[in-house]
Structures are given as C-alpha cells and as structure tokens.
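Each remark here refers to the structure printed beneath this line.
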Amino acid sequence: MPNFIILLGPPGAGKGTQAGLISESFGLSHISSGNIFRENMKGKTELGKMAEGYLQRGELVPDDVTIAMIRERLLRDDCAKGALLDGFPRTVAQAKALDEMLSSIDGRIVAVPYIKVAEDVLINRLSGRWTCRAEGHVFHEKHNPPKGVGVCDFDGSELYQRDDDKEEAIKERLTIYKKDTEPLIKYYKEKGILKQISCDKLDSPPEENVEKLLKVIGVKNV
Ligand code: AP5
C-alpha cells in the first residue's frame, strides 16, 4: 500500500529544508508543489506562464490547476511506494481531492507533521533565504549558510533570492496561509493524524528538526 506523509506548516517553516532528509529516511519521493511550479516557470511551459503571476504576488494558484498537476505527478512510477508531500494540500478543497486520489490508488496518509513557527521567525527566515537554481536546495544567509558565498553546497549552482521573498509578497503569503491553509490543522486533527512540533529558535540546526519530525512520524508507520 503506498504511504504518504504531508508536511504542513507556514511559509518559511522549514518544510523544504527538512523534506529532503525526511523523504530519504523513508525512501519516499519528495514532491514539492512550489518546486514544480518554479520548474515550469523556468521551462516557460503553459503551466509555468499561468502560475507565474500568482507566485510573484504570493497568492495561491487556483485549486483546479494545482490538483490536476499533483494528480498527474502522483501517478508516476517514482510515487508507486508513496511520497512526502511538501506544499500540497494547501486548502480544504485540495485535501478532499487528495483523499479521493489516494482512495483510487489504495494509498493512505500515515502522518501529517505540522511545523509550528512564530511569525517573527518566519519573516526573518524568508527574508534571509537563498535558493539554488538547479535543484531548489535552500540556505539562510545567517542561520544555515552555504559553505561558499552564492554557491550551492550540494550541486555548485548559483544561489538566488526568490521573488516571493520580498516584503509585500511575504505578508500576502502569511495572510493567505492563515485564511486558506490553517483550516487543514483542524481537518487532519479530526482524522487523528496531525503531529505537531514547534521550531521557534532562529538558529536551531535543521538536523534537530529532522530528528523531531522522524520521531513524531514514527519509522515503523511507513
Ligand atoms: P512553496 O515553494 O511551497 O512555498 P511556501 O510554502 O511558502 O514555503 P517556503 O518554500 O517559502 O518555505 P519552507 O517552509 O519550505 O521553508 P524553507 O525550508 O525554505 O510555494 C510557493 C508558491 O507556489 C505559493 O506561494 C503558491 O503561489 C504556489 N503554490 C505552491 N503550492 C501550492 C498549492 N498547493 N496550491 C496553490 N498554490 C501553491 O526555510 C526557510 C528559510 O529558513 C531558509 O532560508 C532556511 O535555510 C531557513 N531554515 C529552515 N530551517 C531552519 C532551521 N531549523 N534553523 C534555521 N534556519 C532554518
């Protein structure tokens, strides 16, 4: 039976930073909706052109487009065992669509780790973030710096600052998160699969959070 883990948390909580390490631990593919949109924007595909304005403004891409994109992605071979979902679902409509998708492939959600972080910490993290052009690896200029200035530790590609890490877009993303995504906390709590961890220290090493996340997910469950 394919197993799915949903990493839930506000923009800047560290989902992307921890997701790679967690998906490796469980041997699951890491599916980041934000990375798929950014790859399509880079490749100038129809999906990328459509999504670009939403991402730049910090708004959500419409549900129908996002759901269709994830449905197609989850049917690929590398998700046969399941996946770690980072950034999807982000609305209750997306969560319900995911439930339907998983029931059609006999998949199950084993855990929804929710990374809770205070707003001032989120703003600090997003405004100091540097992202790699090739694979989307993330760094923070002070708290998780790359070894070489402007160069990704993992693949040597150039680091850049995302358009949606500008002040106005950050504010918009946090407002939208509260309105559209926070209701998912209740949605998954009621299903008994929400596992909360707090991560409010600015300089806590990502490995520390990975350990907390692995503990709440429970290796035996996957
Ligand atoms: P997406 O790419 O998913 O962005 P997000 O959810 O806003 O999350 P972020 O990537 O900003 O933050 P993160 O939690 O991954 O934090 P990170 O690890 O980078 O989505 C982008 C856009 O795509 C959306 O706004 C929307 O337009 C669209 N989209 C995506 N999914 C969608 C959906 N389902 N529906 C509709 N639209 C959708 O960490 C942040 C910083 O903190 C980094 O600098 C990092 O180095 C640092 N850091 C992390 N952990 C630590 C730590 N422990 N200690 C110190 N520093 C740390």
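Pull out the extension gain between residue 57 and residue 99, defined as 0.36 nm times the separation in residues minus the alpha carbon to alpha carbon distance; nm, one decimal. Write out the running numbers ahead of the final one.
Working: separation 42, 0.36 × 42 = 15.12 nm, distance 2.88 nm.
Here the answer is 12.2 nm.
Given an 8 Å cut-off on Cα distances and at least 6 residues of separation, report the relative contact order of the stretch 32-186 as a percent. Numbers along the way, then the final one.
On the way: 140 pairs, mean separation 38.1, N = 155.
It rounds to 25 percent for the stretch 32-186.
So what is the accessible area of the chain per residue, in Å², with the probe set to 1.4 Å? Spell out each step's value before the answer.
Values: 11270 Å² over 222 residues.
I get 51 Å² per residue for this part.
Only sites in a loop by DSSP and with at most 16 other Cβ atoms within 10 Å count here; which trypsin sites (Lys or Arg not before Pro) in the stretch 115-222 make the cut? Mind dumping the intermediate values first?
Numbers: sites: 116, 125, 129, 133, 142, 147, 162, 166, 171, 173, 178, 179, 186, 189, 191, 195, 201, 212, 215, 220; in loops: 133, 142, 147, 162, 166, 191, 201.
Listed in order of number, the matching sites are 133, 142, 147, 166, 191, 201.
Please identify the trypsin sites (Lys or Arg not before Pro) of the stretch 33-96 that satisfy two criteria: DSSP loop assignment and at most 12 other Cβ atoms within 10 Å. Which are they? Walk me through the intermediate numbers first.
Details: sites: 38, 42, 44, 49, 57, 71, 73, 76, 81, 90, 96; in loops: 44, 76, 81, 90.
Sites meeting the loop and neighbour criteria: 44, 76.
In whole percent, what relative contact order does the stretch 94-222 give with Cα contacts below 8 Å and a gap of six or more residues? If you can, show how the numbers build up before the last one.
On the way: 123 pairs, mean separation 44.5, N = 129.
Worked out over the stretch 94-222, it gives 34 percent.
Please flag any cysteine in the chain that has no other cysteine's Cβ under 4.7 angstrom from its own Cβ.
Singleton cysteines: 79, 199.
Please give me the summed charge of the neighbours of residue 192: other residues whose Cβ is under 13 Å from its Cβ, Lys and Arg +1, Asp and Glu -1. Working shown, then result.
Values: positive: 108, 186, 189, 191, 195; negative: 190.
Neighbour charge sum, excluding residue 192 itself: +4.
With a 1.4 Å probe and every protein chain kept in, tell me what percent of the accessible surface of the chain is carbon plus sulfur.
Numbers: 5770 of 11270 Å².
Carbon and sulfur: 51 percent of the exposed surface of the chain.
Measure off 7 Å from each Cα along the Cα-to-Cβ vector at residue 182 and residue 25, then give the distance between these two points in nanometres to one decimal.
A separation of 2.8 nm, rounded to one decimal place.
Taking a threshold of 25 Å on the Cα-Cα distance, which of the pairs 142/195; 15/42; 81/186; 186/215; 81/212 fall above it?
Values: 142/195 29 Å; 15/42 22 Å; 81/186 27 Å; 186/215 21 Å; 81/212 23 Å.
Over 25 Å apart, Cα to Cα: 142/195; 81/186.
Using only Cα positions of the chain, each an equal point scatterer, no hydration layer, compute I(q)/I(0) via Debye at q = 0.11, 0.13, 0.14, 0.17 Å⁻¹ and quote the log10 values to two decimals.
-0.51, -0.74, -0.87, -1.37
The values are calculated or read from the model by the stated rules, or taken from the named source; none is laboratory data. Quantities reported herein were computed from a predicted structural model and do not represent experimental measurements. Methodologically, a virtual Cβ is constructed for each residue, glycine included, from the backbone with ideal geometry; neighbour enumeration extends over all protein chains shown. For accessibility, only protein heavy atoms count, side chains too; no ligands or nucleic acids. Shrake-Rupley method; radii C 1.70, N 1.55, O 1.52, S 1.80 Å.
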